[in-house]
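The values are calculated or read from the model by the stated rules, or taken from the named source; none is laboratory data. These numbers come from a predicted model, not from an experiment. Every residue, glycine as well, gets a Cβ built from its backbone with ideal geometry; the counts of neighbours run over all protein chains shown. Keep in mind that these areas ignore ligands, DNA and RNA; they rest on the heavy atoms of the full protein, side chains included. Shrake-Rupley method; radii C 1.70, N 1.55, O 1.52, S 1.80 Å.
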Amino acid sequence: IGNIQRSLLPDALPVVPGLEIATHYETCQRAGGDYYDFFPLRNGNLGILIADVSGHGSPAAVLMAITHTIAHILHEEPLEIAPEEVIAYVNRNLARHYQHQGDFVTAIYGVYNPTERQFCYSSAGHNPPVFTQAGSDETRALQKQCGIPLGILEEARFESTAVGLTEGDTLLLFTDGITEAMDREKNLFGDQRMAAAMGNGAPAEAQVANLLKEVRQFVGDEPLNDDRTVVLLRGVE
């Protein structure tokens, strides 16, 4: 099931003017519940989704696959739908058709507009994106978690917000397997260590590589306790 699950992930990174993208995907078991995806939209815009299914192993992988299917049905045509409406659609279908046993999905779906150099996104209980402005080594979480996770309440409502991504700005989307990575004493890697690993102005792939290096050095020989997924967006000329 792990191989099937990985086949649902993008096989290549999209090419978008003004945007550099780097990703990382790592499961703590042969099958996991993290998910990310890209959707070509009208006018050269790009839909970006990152999600984290509660739990681990095969049950989480199955719910991840269901989420993938729902998202792709909505994106069969390159229409552009407001991020909060995409999140609401996925939520409605999960809550209506998936008989969960306390399982849920946190997610962020956003649209990058290369003309406006803006990322407009909606969150369903997911970790807030981390933003670093060009020329600054200070990072900040854009907002607290908003909305409830997907698959719990069919008629849940969601909101969206936007952030500009000019040259050198970075936006980090991640699952909590990064911040909740634990060392031998069960200390968490946490938001502060994650922020310290970002904001160095390096290309997207180098920033992701540095973050993962810091996580692994912190964890040491401890096994993965959760899936780890990163999608980093960096504005370029």
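The range 108-138 and the range 24-103 have Cα centres spaced 18 Å apart. Along the axis of the charge dipole computed for the chain (Cβ charges of +1 for Lys and Arg, -1 for Asp and Glu, origin at the Cα centre), the listed residues Gly151, Gly110, Ile178 are led at the positive end by Gly151. Computed over the range 50-104, the quotient of the alpha carbon radius of gyration and 2.2 N^0.38 Å is 1.16.
Ligands, DNA and RNA are left out, and with a 1.4 angstrom probe the accessible area of the chain is 47 Å² per residue.
Ellipsoid semi-axes for the chain, based on the Cα gyration tensor and the rule √(5λ), read 25, 24, 16 Å when sorted largest first.
Considering only Phe131, Phe218, Phe39, the mean-square fluctuation computed in a Gaussian network model of the chain, springs between alpha carbons under 10 angstrom, is largest for Phe218.
With all protein chains in place and a 1.4 Å probe, the accessible surface of the range 101-197 carries 43 percent carbon and sulfur.
If R0 equals 45 Å, the separation of the Cβ atoms of His72 and Glu167 corresponds to a calculated FRET efficiency of about 0.90.
The relative contact order of the chain comes to 24 percent, based on Cα pairs under 8 Å that sit 6 or more residues apart.
Shown for the range 74-211 is the translational diffusion coefficient from the Stokes-Einstein equation, using the Kirkwood radius over Cα pairs, a temperature of 20 °C and a viscosity of 1.002 mPa s: 130 µm²/s.
The smallest convex shape that holds all Cα atoms of the range 14-128, its convex hull, gives 105 Å³ per residue. Projecting label points 7 angstrom from Cα along Cα→Cβ for Asp183 and Asp11 puts them 4.2 nm apart. The candidates Glu237, Glu185, Glu20, arranged from most to least accessible area with a 1.4 Å probe in the full protein assembly, appear as Glu237, Glu185, Glu20.
A probe of 1.4 angstrom, applied to the heavy atoms of all protein chains, finds Arg216 with accessible area near 110 square angstrom.
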